[in-house]
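The values are calculated or read from the model by the stated rules, or taken from the named source; none is laboratory data. A quick note: this is a predicted structure, and the numbers were derived from the prediction, not measured. Note that we place each Cβ from the backbone using ideal geometry, even for glycine, and neighbour counts take in every protein chain shown. When the accessible area is computed, the model is the full protein with side chains, heavy atoms only, and any ligands, DNA or RNA have been set aside. Shrake-Rupley method; radii C 1.70, N 1.55, O 1.52, S 1.80 Å.
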Amino acid sequence: MATFMINGSSRSFDGDPDMPLLLYLRDELGLTGTKFGCGGGFCGACTVHVDGKAVRSCQTPMSAVGGRKIVSIEGLSADRSHPVQRAWVAANVAQCGYCQVGQIMQASALLAEKPHPTDADIDAAMAVNICPCGTYQRIRAAIKRAAEARA
C-alpha cells in the first residue's frame, strides 16, 4: 500500500501499481481538472506537481507516488487566486482551454523554481506543453505578469 498527500490530504492506494496517477486523480478522486490529452506524455495536458516538480500524470504510475506530495490544479489554490491563475485570466490566454490546466501547472512549477524567468527560461520550460490553439505569446505574457505579481 502506498501513502501520499494529494492537495494537502493524506491518501492511501492499494490497487494496481501500474495505474497512471492521472486515472487515479480523475476516476478515483473525482479531480477532473487534470486532463487526459495524448496519453503518451507529449502534450502536457495532464501536468501535475509531484514534490513541487511538473510531471506528466499519464506517465506516472501509482507505484512512484508513495511518500510524495502531489498537487493537481484543484490544489493550486482553492479560490483560483494563485498568481498564475489570475495572470491567465488577465492575459486572456485560453481559447479552447483544454491545455490550459497543464500550462498553468507547468508555469507555476517554473515560477517556483525561477521567480524571475527570462524569455529563454519560459520558452524552455513551456516547450514541453502543447497549445493546439497557439496562444504561446499570451502564455509568455501571463507568466511574466505572474512573476511580477509574485515579486
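For the range 98-106, the criterion of a residue being more than 19 Å from S9 (Cα to Cα) and surrounded by fewer than 21 Cβ atoms within 10 Å (Cβ to Cβ) is satisfied by at least one position. With respect to the conditions (1) open to solvent by less than 30 Å² (accessible area, probe 1.4 Å); (2) touching a residue at least 60 places away in the same chain (Cβ under 8 Å); (3) among the small types (G, A, S); (4) within 19 Å of G8 (Cα to Cα), S57 falls short on a single one, namely (2).
For the range 34-50, the criterion of being under 23 Å from P115 (Cα atoms) and either open to solvent by 40 Å² or more (accessible area, probe 1.4 Å) or basic (K, R) (or both) is satisfied by no residue at all. Taking the range 41-98 as the range and being touching a helix residue (DSSP H, G or I) at 6+ places or on another chain (Cβ under 7 Å), among the polar types (S, T, N, Q) and in a loop (DSSP other than H, G, I, E, B) as the test, the residues that pass are S57, T60, S72, S77, N92. Restricting attention to the range 126-151, the residues being open to solvent by less than 20 Å² (accessible area, probe 1.4 Å), in a helix (DSSP H, G or I) and closer than 18 Å to F42 by Cβ number 2.
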